[in-house]
Amino acid sequence: MNFLGLIGRVMLTFLATAGRLGIFTVNSVSHCLRPPFFIRHIGSQMINIGYYSLPVVGLTALFTGAVLALQIYEGGSRFNAESAVAGIVVIGFVRELGPVLGGLMVAGRVSAAMAAEIGTMRVTEQIDALTTLATDPFKYLIAPRLIAATLMLPCLVLVADVIGVAGGFILSTDKLGFNPGAYLKTTVDYLEYDDVMSSLVKAGVFGFIIALMGCYHGYHSRGGAQGVGVATTNAVVSASILILMSNYVVTELFFSQ
Amino acid sequence: MTGTSTQRMPKISLRGVKKRFGPKVVLDGVDLDVDDGESMVIIGGSGTGKSVLIKCILGILTPDEGSIKVGGVEATRLRGKERQAFLEKFGMLFQGAALFDSLPVWENVCFGLLAEKRIRRKEARDLAVEILRQVGLEADVANLSPAELSGGMQKRVGLARAIAAKPEIIFFDEPTTGLDPIMADVINSLIVDCVQDLGSTTITITHDMASVRKIADKVGMLYKGKMIWTGPKSEIDSSGNEYVDQFIHGRAEGPIHMDILKL
Ligand SMILES: Nc1ncnc2c1ncn2[C@@H]1O[C@H](COP(=O)(O)OP(=O)(O)OP(=O)(O)O)[C@@H](O)[C@H]1O
Ligand SMILES: [Mg+2]
C-alpha cells in the first residue's frame with residue numbers, strides 16, 4: 001500500500017517536472033526567436049561562455065589528444081596497427097571526445113554559474129523586480145544565455161578539436177617518432193565533412209542543454225542560499241547526463257545508415 | 001480617465017482574494033478598495049501576508065481565488081502584451097530592495113525607463129543622479145554597485161527605482177525600515193509628494209506608526225488573512241477595533257496573541 005503510494009508519488013513528481021521543463025523550454029525558445037533581442041547581453045554572455053572557457057577546454061583537449069595517441073599506439077602495437085594512430089586520433093577526437101569533453105567541461109563551468117546567478121536573483125526577488133519593471137525575465141536573462149551558449153559551443157569545440165588533434169600530433173612526432181608530414185597527411189585524408197559537421201551539431205545541442213539546465217534550475221530555485229546550492233548541483237548533474245544522452249541520439253542520427 | 005465620474009470606480013479593487021502555500025492559508029478572502037490618487041497604508045503583524053497581498057496584485061504570485069481589478073480591468077487573467085502594458089503602470093519598492101547586483105546604481109534606477117526605451121542611455125545617468133538626490137543620496141553613489149551600499153542606502157535606491165518612471169500606481173513595501181528617523185521622515189515626505197504631485201495611487205506597507213500618520217489617506221489592517229478594519233486615517237485612534245488599538249499602541253496584551261515561549 002505504502003509502496004504503491006511511493007511509486008505513484010515518484011511518478012507524479014517526474015511527470016510534473018517533465019511538464020514544467022517542457023513549458024520552460026518552449027517558452028525560452030520562443031523568446032530566442034522573437035525580437036526584441038538584448039544584443040549587449042548576448043555579446044557579454046558570448047564572451048563569458050566562449051572566451052573564458054577557452055583555457056579549460058583547451059587544456060582538456062591538449063592532454064586528452066596526447067593520451068589518446070599514446071593509448072592507441074600502445075594498444076595498437078599488439079596487432080601491428082601503430083600506423084593507425086593519426087586516423088583514429090582525428091576521428092575519435094572530432095567525432096566524440098572534442099564535443100563531449102568540451103561540453104562536459106563547459107557544463108561544469110557555465111551551467112553552475114548560470115544556475116547560481118539566476119538562482120540568487122530568484123531568491124533575492126530580483127526576478128520579481130524585473131517583472132514589475134515590465135521586462136520579461138525570459139527575454140532579458142534566459143534568451144541571451146541560450147543564444148550565446150548555442151552559438152559559442154560550436155566555436156569552442158572547433159578549437160578543442162584542433163588542439164586535441166595537435167596534442168596527438170605533438171606526442172606522436174615528438175615521442176613516438178612519427179614523421180610529421182606523413183602524420184598530417186593521414187589526418188587530413190581520414191577526416192571527412194560529416195565528422196566535422198557532427199562535431200559542430202553536437203556542440204550546438206550541448207550548448208543549448210548547458211544553458212537550458214543552468215537557467216531552468218536557477219529560475220526554479222527557492223529557499224535561500226541552500227536552494228541556490230541545490231540548483232547549482234542539479235544544473236551540472238542534469239546537464240552532464242543530458243549531454244551524454246543526446247550525444248548518443250545525435251551520433252545515431254548522423255552515422256547509422 | 002475621468003476621475004470625477006458620478007459613479008466612482010476604485011483604481012484598485014480586490015474581492016475575496018485567497019492565497020495559500022501548501023496547507024498554510026495566508027490570504028483568506030481579502031477585500032480592498034483604493035481610489036485614484038489615494039494613499040492607502042496597510043498595517044498588520046509580521047507574517048500576516050502583507051507582502052503576499054501586493055505581490056498578488058502585481059501578478060508575481062497568482063491568487064488561488066478572488067478577483068483583482070486595476071482600473072476596472074481584471075488583472076489576474078492578463079497575458080503577454082496586455083500584461084506588459086499593465087505592469088508599466090506600476091512601480092514597486094521591494095521589502096529587500098531587490099536591486100540588480102550586476103548593474104551599477106544608476107542603471108538600476110533608470111532600468112524601467114531604459115527597458116521601455118523612454119530615455120537614451122546617455123541621458124539616463126543624469127536623470128538617475130537627479131532622482132537619487134530626491135531620496136537623499138549623493139551623485140557619487142550612482143556609479144557604485146548595489147553590493148557596496150548599506151542596507152538603508154539600498155532601500156533608498158530601490159525607492160528611487162520605484163518612482164523613476166513616475167508610475168500611476170506605486171507600492172512601497174516597508175519603505176522606512178532600516179532608516180534613521182530623520183531619513184525616514186524625508187522618505188515619508190517623498191511618498192506624500194508622489195501622491196500629491198504625480199497623482200499616483202499608492203499602497204504602502206509599514207509597521208511604523210509615524211509613517212502611517214504622515215502618509216496615509218486610508219488605513220487597512222490585515223489580520224489572519226482578512227482585512228479586519230479599513231478607514232480614514234482620522235478614525236484610526238477611535239476605530240473601536242481592539243485589534244487596531246493593540247497594534248497602533250504596540251501593546252503585548254490584547255486580542256492578538258504572539259506565540260512566544262514564556263520563560
Ligand atoms: N513563496 C512562499 N512560499 C511559501 N510561503 C510563503 C511564500 N511567501 C510568503 N510565504 C508565507 O506567507 C506568510 C506571509 O508572508 P509575507 O511576506 O506576506 O508577510 P508580511 O506580512 O509581509 O510580513 P513582514 O511584515 O514580516 O514582511 C508568511 O508566513 C510566509 O511564511
Ligand atoms: Mg513583508
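The values are calculated or read from the model by the stated rules, or taken from the named source; none is laboratory data. Keep in mind that this is a model prediction, so the values were computed, not measured. We place every Cβ from the backbone using ideal geometry, glycine too, and count neighbours over all the protein chains shown. For accessibility, only protein heavy atoms count, side chains too; no ligands or nucleic acids. Shrake-Rupley method; radii C 1.70, N 1.55, O 1.52, S 1.80 Å.
Below are the figures for this structure:
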item	result
Over the range A:153-257, relative contact order from alpha-carbon pairs under 8 Å, at least 6 apart, %	29 percent
Charged-residue dipole, Cβ positions (Lys, Arg, Asp, Glu), the range A:38-255 about Cα centre, Debye nearest 20	420 debye
Under the span-like rule (Cα at least 15 Å along the axis, Kyte-Doolittle mean at least 1.0), DSSP H helices of chain B	B:181-193
MRE, 222 nm, helices only [DSSP H, n ≥ 4, -39500 (n - 2.57), over chain A, to nearest 500]	-26500 deg cm²/dmol
Number of partner chain Cβ atoms within 10 Å, mean per residue of B:93-102	5
Selection from B:191, B:179, B:25 lying farthest towards where the dipole of chain B points positive, charges on Cβ	B:25
Euclidean distance between Cα centres, the range B:13-83 to the range B:191-257, Å	17 Å
Charge tally in the Cβ shell below 14 Å around residue A:132, where Lys, Arg are +1 and Asp, Glu are -1, residue A:132 excluded	-3
Shape category assigned to the range B:76-224 from the gyration tensor of Cα positions, a/c cut at 1.5	oblate
Size of charge dipole - the protein assembly as shown - debye, nearest 20, with Cβ of Lys, Arg +1 and Asp, Glu -1, no other charges	720 debye
For chain B, size of Cβ-based charge dipole, Lys and Arg +1, Asp and Glu -1, in debye	900 debye
Semi-axis lengths, Å, chain B, gyration tensor of Cα atoms, sqrt of 5 times eigenvalues	30, 23, 18
Cα gyration tensor shape for the range B:60-129, rounded if a/c is under 1.5, else prolate or oblate	prolate
Antiparallel bridges, percent of DSSP beta bridges restricted to the range B:154-232 (to nearest 5)	55 percent
Solvent-accessible surface (1.4 angstrom probe) belonging to residue B:90, in square angstrom, nearest 10	10 Å²
Three-way shape call for the range B:13-75 based on the alpha-carbon gyration tensor, with the a/c threshold at 1.5	oblate
Within chain B, helix-based [θ] at 222 nm, where runs of 4 or more DSSP H residues each add -39,500 (n - 2.57), nearest 500	-9000 deg cm²/dmol
Highest-first arrangement of B:12-20, B:112-120, A:87-95, where packing means the average Cβ count within 10 Å	A:87-95, B:12-20, B:112-120
Net charge of Cβ neighbours under 14 Å - reference residue B:181; Lys, Arg +1; Asp, Glu -1	-1
Amide hydrogen neighbours beyond the local backbone of residue B:201, cut-off 5 Å, H modeled	B:37, B:169, B:170
Fluctuation leader among B:235, B:74, B:253 - chain B, Gaussian network, Cα springs under 10 angstrom	B:253
Charge context of residue B:244, other residues only, Cβ under 11 angstrom, K/R +1, D/E -1	-4
Spin-label pair residue A:71/residue B:150, simplified geometry with 7 Å Cα→Cβ offset, distance in nm	6.0 nm
Cα Rg, Dmax, the range A:38-255, angstrom units	19.9, 69
GNM result for chain B, Cα springs below 10 Å: residue of B:184, B:252, B:98 fluctuating most strongly	B:252
Kyte-Doolittle mean at least -1.0, axial Cα span of 27 Å or more - DSSP H helices of chain A	A:2-33, A:54-76, A:143-174, A:193-219, A:224-255
Over the protein assembly as shown: Kirkwood hydrodynamic radius from C-alpha pairwise inverse distances, Å	26.5 Å
Among beta bridges that DSSP assigns inside chain B, antiparallel share in %, nearest 5	55 percent
For residue B:19, residues with placed amide H under 5 Å, excluding near neighbours	B:26, B:27, B:28, B:29, B:64
Accessible area of residue B:100 in the full protein assembly, 1.4 Å probe (Å², nearest 10)	10 Å²
Segment residue B:138-residue B:83, length gained on full extension (0.36 nm per residue, minus Cα span)	16.3 nm
Share antiparallel - DSSP beta bridges, the protein assembly as shown, percent rounded to 5	55 percent
Between the range A:38-52 and the range A:71-132, the Cα center-to-center distance that results, in Å	19 Å
Over chain B, relative contact order from alpha-carbon pairs under 8 Å, at least 6 apart, %	24 percent
Dimensions (Å) - the range A:134-200, Cα atoms, principal axes, largest first	64, 24, 11
Given charges at Cβ of Lys, Arg, Asp, Glu: the range A:38-255 dipole, positive-most of A:51, A:155, A:242	A:51
Furthest towards positive pole of dipole, B:250, B:154, B:210, structure part chain B, Cβ charges	B:154
